[in-house]
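Let me begin by presenting the structure, written as structure tokens, before commenting on it.
All of the numbers you see were taken from the coordinates with simple rules; none came from a lab. Please read these numbers as outputs of a predicted model, since none were measured by experiment. In this analysis, Cβ positions are derived from the backbone assuming ideal geometry, glycine residues included, and neighbour counts consider all displayed protein chains.
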Amino acid sequence: MGNQSINKPRGTLDLIGKNYWRYKQAIDILTENALNYGCTPIQVPVFEESGLFLRSVGKSSDIVRKQTFDLANKGSAKDYTLRPEFTAGIVRAVIENKLYASPDLPLRFVYSGTVYRYERPGTGRLREFRQFGVEFFDTKLDFSSQAEVLMMAYTGAKKILNRELLLTLNYLGGNQARANYKTALIDYFSKFIDHMCDDCKDRLKLNPLRILDCKVPEDQQLVKGAPKIENFLSDEDKAEFDSIKRVLQDSNIPIKVDDRLVRGLDYYTGTVFEIEDPQSPEFGAVGGGGKYAGLMEQLGGPNMEGIGFSYGVDRLLGAAKDAFQIHVATPDFFVMPMAKKRECQEKAFLLASKLRSLGYSAVTPTFSKGVGGAFKMADRLGCLKALLVNEDLSLEVKDLVQRSQTKITEEELLKRGK
Ligand code: HAM
């Protein structure tokens, strides 16, 4: 019993070596892209009060209904939940830290980290996964900040996947349009609801818009005949959506309008969008986002609009496969004692640490192995040079590519460049 091994939880990943570098370098590239748009980095807690997600992501979302990781209550008066996404926590942070009072609008934030959803693990579906995203805030978000977010979502993903992607978007309308549209959907679906799936029955009460992206084939047939949002948009809504589409098209971003795209979180209003890699449909959307005009007020803040997106970084990298090339640094020096003598080994230790303090990377092998094994290790690590510490403590630099050797004094070694 006691000695049984313990495995990682289902739907989680260990990121080791090259795999870790893929994530780190992808996040670095995406962050640099976001910094080019003037974003400020933000980090929020991995867990928040459960009520935050209930009041934002929403009661009708699958995330809140079935997928939250709720933490055991240790006698505190509050319940906590692991974040299933970032937007709610960031809006909370903007309110709590009064960031909305800044005169420099829009506020632009970039973030990345792990999020948690209790889903059935499968291709592109993890329980702990990584998101990277941005959120913009303004009293009233103009079409330009909105188009910037969509553009950043597209260009960032393209930097990782190195190919054309599909940006699908829809416009859910302002408050009035959405309210009218919801009423029309309730009227329409009420006639069929007895024959629809249980989730749709709940959605009709909680958020009828969500019926539009039901995946059950029979329900999809009924959705085809449902009223269309475009017939409910005000002139102002239409003008905003048209401007966003126009500037994106003029920037050569291939967009496709899909009037059934509603997204699975309750807070969206106006623009919503998703990015897919047509070459890796098995991963689903590699990113998605949209505008949320009422969320900040709903969470106790001022009346400020937000828009943002998140990628699933695991999906981006899964879809990219070899299209995303990483750079793995190899050690500058492989420092090897050539004799199994303590003096020689101590010299190797001290030289390696001196090289490191000069800014080089230096690696030593385990001293228990022979010289042959150590050279093999140097090759596997991709080292170009070895520093040999001979039995008489003299030094040689061995070029591991040319296989040539040159004598060198310690003074020369520590003085010269790489
Ligand atoms: P979301 O669509 O729920 O939106 O998630 C964003 C992305 O996370 C998805 O497009 C997908 O790539 C990835 N993802 C979702 N679930 C999983 C999973 N189980 N395993 C791996 N990857 C997954 C949001 O989270 C919103 N907060 C986006 C947003 C930001 N909207 C406005 N601002």
Which of (1) touching a strand residue (DSSP E or B) at 6+ places or on another chain (Cβ under 8 Å); (2) surrounded by 15 or more Cβ atoms within 10 Å (Cβ to Cβ) does A93 not meet, given it meets every other one? (1)
With the requirement that a residue be of a type in the set (K, R) and under 15 Å from the mean Cα position of the chain (by Cα), what does segment 1-37 give you? R22, K24
Would you point out the residue of segment 295-327, among those that are away from the ligand (no atom under 14 Å from the Cβ) and small (G, A, S), that is surrounded by the fewest Cβ atoms within 10 Å (Cβ to Cβ)? G300
Can you tell me which residue within segment 1-45, out of those that are closer than 22 Å to L82 by Cβ and in contact with a strand residue (DSSP E or B) (Cβ under 6 Å, 6 or more places away or on another chain), is surrounded by the most Cβ atoms within 10 Å (Cβ to Cβ)? I42
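Step by step: first the residues of segment 72-84, then only those that are assigned to a strand (DSSP E or B) and not β-branched (V, I, T), then the one that is farthest from the ligand (Cβ to nearest atom). Which residue is that? If you could, list the steps in order and put the result at the bottom.
Narrowing segment 72-84 to residues assigned to a strand (DSSP E or B): 80-82.
Subsequent filtering for residues that are not β-branched (V, I, T) retains 80, 82.
Values: Y80: 19, L82: 13 Å.
The qualifying residue farthest from the ligand (Cβ to nearest atom) is Y80.
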Mind telling me which of the residues A374, A348 ends up being more than 30 Å from G288 (Cβ to Cβ), in contact with a Ser or Thr (Cβ under 6 Å, 6 or more places away or on another chain) and assigned to a helix (DSSP H, G or I)? A348
Any hit, segment 85-106, residues being part of a loop (DSSP other than H, G, I, E, B), more than 13 Å from G306 (Cα to Cα), charged (D, E, K, R) and in contact with a helix residue (DSSP H, G or I) (Cβ under 9 Å, 6 or more places away or on another chain): yes
I'm trying to understand the selection: among the residues of segment 19-42, which are in contact (Cβ under 8 Å) with a residue 60 or more places away in the chain and in a loop (DSSP other than H, G, I, E, B)? Y37, G38, C39, I42
Going by the conditions given, is R120 within 16 Å of the ligand (Cβ to nearest atom), at negative phi and surrounded by 18 or more Cβ atoms within 10 Å (Cβ to Cβ)? no
